[in-house]
Each structure stands twice: as structure tokens, then as C-alpha cells.
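Nothing in this text is a laboratory measurement; each read-out follows from the coordinates by a stated rule. Only a predicted model underlies this, so the values are computations on that prediction, with no experimental measurement involved. All Cβ positions, even for glycine, are placed from backbone atoms using ideal geometry, and neighbour counts span all protein chains on display.
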Amino acid sequence: MLAAIGVSSVQELFDRQIPAGVRLGRELDLPQGMSEQEVFAHLSELAARNVSAEDELSFQGAGMYDHYVPAIVDMLMERSEFLTPYTPYQPEISQGGLQVMFEYQTAICELTGLPVSNASTYEGPSAVAAAAYLAKLHNSKRKLVASAGLHPHTLQTLRTLAHGYGMEVVEVPLATASHGDGAGGGVTDADAWACAIDADTSAAIFAQPNFYGAVEDAAALSEAAKGAGEPLGDASPVVICQTDPIALGVLAPPGDCGVDVCVGEGQPLGNRLDFGGPSFGFFAAREEYLRRMPGRIAGETVDVDGRRGFVLTLQTREQHIRREKATSNICTAQALNALAGVVYLTWLGRRGIVELGELLLARTHYARETLGGLPGVEKLHEQPVVREFALRLTSADGGGALDVAGVRRRCLARGVNPGVDVHALTAREQDRGVLLVAITEKRSRADIDRLAQALGAAVAAERGGAVAAAEPVGERAGVA
């Protein structure tokens, strides 16, 4: 092979291809390898350090949630015809897999209020980046306006891919209590949002609810992005919304709010946490963006005998068809996770997802009011929330931020994971002392009371004062 390409050695091949400035120039500084038995013992020790949501009372969220997964999801996912197949190149032997994709797309369209869905993308953050690339292909503009309320992992992914696209990401801050909404801040600053969007804006991107749990005015953000008052005409940016699918049980569908592309993390839909294991991203859009969407789209047809059948309607964007001209990658592995999503949505049904949302609203209200009443704990904002909310932990003098990591360690020692240290994710100075708490249907009122006791004691200890007990809001919150 070396002779065929005209080099005398592998080293010469490397020398020709890799510039000297990026070579290490020495052997890797690695320890001697371990034996198989030693590796097994080492991995066992590492695995023993893991703590799952079944080992502690967890209020972790920030994109991945401890929802209940019904047994029917596993039963169907483990069937070999779904568990083992590859991309359905041959529709005549792939009708089951193609129908799953078609039904999944239908469910996502109904959930988001948009007419077209793919099946599917890798996960939530990369779905946002793919939507941004769709916008670039659509209007050839170079600026991405993104709300600071997007998940920090989404912002990082967006910046990384935007660099490769030759695009710029402009981050719009959230409003504060004294500016913008006037009700405690927590949502995208409407004035800054409108000012950031101009004729060079390819896409305007926000989250619903946002990373801090606040429900955004999606219709107002969409209208402002499309140039209300001073129309941008054909230069109007593509409006992209990253949403929590569970919240759509009680919130208006993004498609009804003027959103062009709706994407999000599919893990809450029948997928477990699995220590961060695979999930899927959903992606829905208006019909004019159909041919620029990533992933595959399954369609319904009839055969020569008039019988209902399913095909891959559009896959010409993928690397196995377009090779180097492809605009996206296929997501065979994520099709199994998307199957879990459609099974879960079918199990819930149209009314069930509304009832789940209403349950989360009630329990989240109870938790927010209970925890917000603890000494040293206050709400970060006063905006409506669905199933996640941010708290600020303050020092004894009331002026400084409490060490969230220390508070979390004290709670974890009591078997309670109180939530996410927001500053650890965002590295924003204003997020010091902010704790993000998530509620799912697995967290009962008794669980919330236990969290309040653990958090109250931990905050009091970190402040150096007496242990404070929470005063349950009781029937005032209407939670059984």
C-alpha cells in the first residue's frame, strides 16, 4: 500500500501530511499497561462510585430528567426487529421501522404545532446547531442571535459549529428585575433581543421554557425577530425555539407562536438517564424548510395493489447518498430512542400529557413556594415555571452568594440531590449561588418536604447559623 501511494514508510506518510508544528515530538507519557484482572478491578472500583437516581432522592434536571418510564417502552425497544436493524434502505423489508419513523414524526408535529418532522437527530444541543445550519442554507446570512436563556451546552455547541460555518453568535442577556419585564427578570431581554437582530441575522434562537425555568413570551420573541414595526422582508431570520417536550402539554405549541423551527432534547420522552447514555433530538419545521432539514423523513404511500406502505421520502441530505456534499449525518442509533419517544407519547395520549403537565405545575409550585420560604433561599425570578425553577442561595449577611457546591455536598450526605449548581455549568458571575431544581412526576409532596428539610439544614450550616426547618405551604399550593 505504501508503494502504491509513493512513500517508503509510515513515518514518511506522517511527515508529509502532518506539519511539524503540531507534532508532539516525543513518546506519549503513559504508564505501563495493567493486566486484564487489574483493569477489571479498577473499573469495578470506578463503577462503585456512581450514584443513580434510584440510590438517592434526585432533583437534578437541566435538560435530563428522572421521569418514570413505563414497562411497555422496554418491551417494544427490546424486540429484535427494532433493536438490531440498520437504516431501512430497502422499504419492502423495513415496513415496521419505517412506520415507527412515520408515527414518531406525526407525534412530534402534533406536539410542536409544525407540519414537518424528521426522524431524528442525535440530541438536543446538536439539533439546535443543525437548525442554525438550516438557517444559513436558507438565507446565507452570517449572524446567529441567541438568548442567554438557552442551555449552556447548547450555546457551547452552537458556538463550536458556528465557527466552522464562518458564523458569529451574538448572545442576548436576560432581563433583570429593574429592566425589561419589571417582574423579577429571568426571561430574554426584549429590548436587547430586538436591537441585536438586523438584516445580517440568519437565525434568532431562544428556549421555551428557558434554562432557568422561566416561561418565555414565545409569540413576542418570534414577532420581534421577524421585524415587527420595521419589517426585514426576505431578510427575516429563521426563528428557532429549543423546547422541553413535556412542557408542551400545558404551553402553547411553538408553531402557533410564530416559530419556524422547533427542536429539543427527547430524553424526557420515555428515555432513562442511563448515566448520560444515548437520547435523541427532535426537529420540526415549517414546510418551506423541508428540503434543508437534517436527518431522514419517512413518508406514507401505497403500493401497486393500493395497500398502505411507508418509504424514506427524503434522505438526499445524508452522507450515504450525497457523500461530501451532504449537509447532515444519518441517525440510525437514535431511531431506537425515538421509538421510545413515540411509545411514551402514545402511552400518555393526548389527555395524558396535559394531565402530566398539570401535575408538574402543581408540584413545582408547591416546591418553589416551600423552598423559597427558607432562610437564605429566594426565588431567582418571579416568572411562571412548569417543572423547573432557579433559586438563589445567599450568605448570612444577605449580600453574597452561598457556596452551592458546599450546600449540595451536605444534602448529598443526607441522600438528597437538591439540583444543579448553575454557575458550574454557565461560569457566569451572576449565576454564583444559583441552584436549579427540577420536579418530575416521581417526586411526591413528601419528597419535596424532605428536600426542604435537607436544603434548609445545609443552607443554615453553610451560613453558620441554626438549622432552619421549612414551613410547608400545605393546602395553599393545592398539592396532594
>> Please report Rg (one decimal) and Dmax (integer) in Å for the Cα set of the stretch 71-347.
In response: 18.9, 67
>> Run the paramagnetic zone check for GLN90: 7 angstrom along Cα to Cβ, then residues of the stretch 112-147 with backbone nitrogen under 16 Å.
In response: none
> What 222 nm value per residue comes from the helices of the chain, counting each DSSP H run with n ≥ 4 as -39,500 (n - 2.57) and dividing by all residues, nearest 500 deg cm²/dmol?
Replying inline: -11500 deg cm²/dmol
>> Rg and Dmax in Å for the chain, alpha carbons only: what are they?
In response: 24.7, 82
>> Just to be sure I understand: of the beta bridges DSSP finds with both ends in the stretch 71-347, what percent are antiparallel, rounded to 5?
In response: 45 percent
> After finding the eigenvalues of the alpha carbon gyration tensor for the stretch 351-466, what semi-axes result from the square roots of 5 times each, listed largest first in whole Å?
Replying inline: 24, 16, 12
> Which lysines, on any chain, are close to LYS325 with Cα under 25 Å apart, when same-chain ones fewer than 8 places away are left out?
Replying inline: LYS136, LYS141, LYS143
>> Considering the Cα positions of the stretch 209-358, please state its Rg to one decimal place and its Dmax as a whole number of Å.
In response: 17.9, 55
> Once the mean 1/r over all distinct Cα pairs of the stretch 290-352 is inverted, what Kirkwood radius in angstroms do you read off?
Replying inline: 13.9 Å
>> I'm a student and want to see the number: the projected area of the Cα convex hull of the stretch 317-367, averaged over all directions, in nm².
In response: 5.8 nm²
> In nm, to one decimal, how far is the ARG23 label point from the GLU287 one, both placed 7 Å along Cα→Cβ?
Replying inline: 5.9 nm
> Which value, in Å to one decimal place, does the Kirkwood hydrodynamic radius take for the stretch 75-142 when every pair of different Cα atoms is included?
Replying inline: 14.2 Å
> Any idea how far apart GLU355 and ARG322 come out in nm if each label point goes 7 Å out from Cα toward Cβ?
Replying inline: 4.4 nm
>> If I take R0 = 56 Å and measure r between the Cβ atoms of CYS195 and ALA3 in this structure, what FRET efficiency does the formula 1/(1 + (r/R0)^6) give, to the nearest 0.05?
In response: 0.35
>> How would GLU288, GLU92, GLU318, GLU369 line up from fewest to most surrounding beta-carbon atoms within 10 angstrom?
In response: GLU92, GLU288, GLU369, GLU318
>> Within a 10 angstrom radius of the beta carbon, how do TRP347, TRP193 rank from fewest other beta carbons to most?
In response: TRP347, TRP193
> Given a cut-off of 24 Å, what percent of all Cα-Cα pairs of the stretch 1-158 lie beyond it?
Replying inline: 70 percent
> Gain in length, ASP55 to ASP397, computed as 0.36 nm per residue apart minus the alpha-carbon separation, to one decimal in nm?
Replying inline: 119.6 nm
> So what's Rg/Rh here for the stretch 34-125, counting alpha carbon atoms and using the Kirkwood radius for Rh?
Replying inline: 1.10
>> Can you compute the FRET efficiency between ALA333 and ALA461 using 1/(1 + (r/R0)^6), with r the Cβ-Cβ distance and R0 = 45 Å? Round to the nearest 0.05.
In response: 0.50
>> On C-alpha positions alone, give me the angle between the axis of helix 445-463 and the longest principal axis of the chain, in degrees, nearest 10.
In response: 70 degrees
> Counting DSSP beta bridges with both partners in the chain, what percentage is antiparallel, nearest 5?
Replying inline: 55 percent
